[in-house]
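Taking it in order: structure first as structure tokens, then the write-up.
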Amino acid sequence: MRVCVLGCGAYGAALASVLIENGNSVIGWTNTEENAKSLRETHVSDKLPEVKLPSNMQFTSDLKEAITGADFILIAIPTAFVSETLEKAKDFISDIPICIASKGIEQGSCLFLSEVVEKILGSNNYAAFSGPSFAIDVAGKYPVGLTLACQNKETTE
């Protein structure tokens, strides 16, 4: 499966490494070309410097490139930037299943991120997971507990 991870910070990088270990092809999107170039060269996120990302992980700052051909999108960007990013990406997303890993509610509107996704994309083809976890624990393969919530059975599968 080809997975697009929106966000190459600590949590996005940690989740991407687990996705790759489970046999997926992963492309990580970051909002600046400078960061994408650094990630391509070092495979180390400045937000999670103790973790070397898999050498077969790809990185880009181009949303269209990241999303095109993806079977699944994982949102792991700061909550404050989810709306802005989805507005820029909505023309490329079509009906790709989305998993929201970002935490919190949108400031100003007080919408849950699931509501933001539904409002901008007009789809219920999303799931959200949450639970007590830290990026370093995920990357270090320590036990963490997460709960997945979804309205759409096909998305869950």
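Could you provide, to the nearest whole Å², the per residue accessible area of the chain with probe 1.4 Å?
It amounts to 53 Å² per residue over the chain.
Relative to the first principal axis of the alpha-carbon coordinates of the chain, what is the inclination of helix 82-93, with its axis defined by its Cα atoms, in degrees from 0 to 90 and to the nearest 10?
90 degrees
Work out the charge dipole of the chain with +1 on the Cβ of Lys and Arg and -1 on the Cβ of Asp and Glu about the Cα centre, then indicate which of A16, G108, L74 is farthest towards its positive end.
A16
Can you list residues whose amide H is under 5 Å from Q151's amide H, if they're 5+ apart or on another chain and H is modeled 1.01 Å from N?
Here Y126 satisfy the definition.
With the chain treated as a Gaussian network of Cα nodes joined by springs under 10 Å, which of P54, P78, P143 yields the largest mean-square fluctuation?
P143
Tabulate in residue order the Karplus-calculated ³J(HN,Hα) for the stretch 122-137, using 6.51 cos²θ - 1.76 cosθ + 1.60 with θ = phi - 60°, rounded to whole Hz; enter x for Gly and Pro.
Going residue by residue, I get x, 9, 10, 8, 9, 9, 10, 10, 8, x, x, 7, 10, 3, 5, 6 Hz, with x marking Gly and Pro.
Might you report the magnitude of the Cβ-based charge dipole of the chain about its Cα centre, with Lys and Arg at +1 and Asp and Glu at -1, to the nearest 20 debye?
With Lys and Arg at +1 and Asp and Glu at -1, about 220 debye.
Hey, what do the phi angles of the stretch 105-119 turn into as Karplus ³J(HN,Hα) couplings, whole Hz, using 6.51/-1.76/1.60 and θ = phi - 60°, x for Gly and Pro?
Karplus-based 3J(HN,Hα) across the stretch 105-119 equals 10, 6, 5, x, 8, 6, 7, 5, 5, 4, 5, 4, 4, 5, 5 Hz.
Would you mind checking the radius of gyration and Dmax of the stretch 37-92 based on alpha-carbon positions, in Å?
In order Rg, Dmax, the Cα atoms of the stretch 37-92 give 12.7, 36 Å.
Return an integer: the convex hull volume of the alpha-carbon atoms of the stretch 1-96, in Å³ per residue.
It comes to 85 Å³ per residue, whole-number rounded.
How big is the Rg/Rh ratio for the stretch 23-157, C-alpha atoms only, Rh by Kirkwood, two decimals?
Radius of gyration over Kirkwood radius for the stretch 23-157 works out to 0.95.
Return the sequence-ordered ³J(HN,Hα) values of the stretch 50-61 in whole Hz as given by the Karplus equation 6.51 cos²θ - 1.76 cosθ + 1.60 applied to θ = phi - 60°, using x for Gly and Pro.
Listing the rounded values in order: 7, 10, 8, 6, x, 5, 8, 7, 9, 9, 8, 10 Hz.
Rank these residues by their accessible area, most exposed first, probe 1.4 Å: C8, C150.
C150, C8
Run the accessible area of the stretch 55-157 with a 1.4 Å probe and give the carbon-and-sulfur part as a rounded percent.
54 percent
The values are calculated or read from the model by the stated rules, or taken from the named source; none is laboratory data. Small disclaimer: the values here were computed from a predicted structure and weren't measured. So basically every Cβ, Gly included, is an ideal-geometry build from the backbone, and we count neighbours across all protein chains shown. The accessibility values were calculated without ligands, DNA or RNA, using every heavy atom of the protein model including side chains. Shrake-Rupley method; radii C 1.70, N 1.55, O 1.52, S 1.80 Å.
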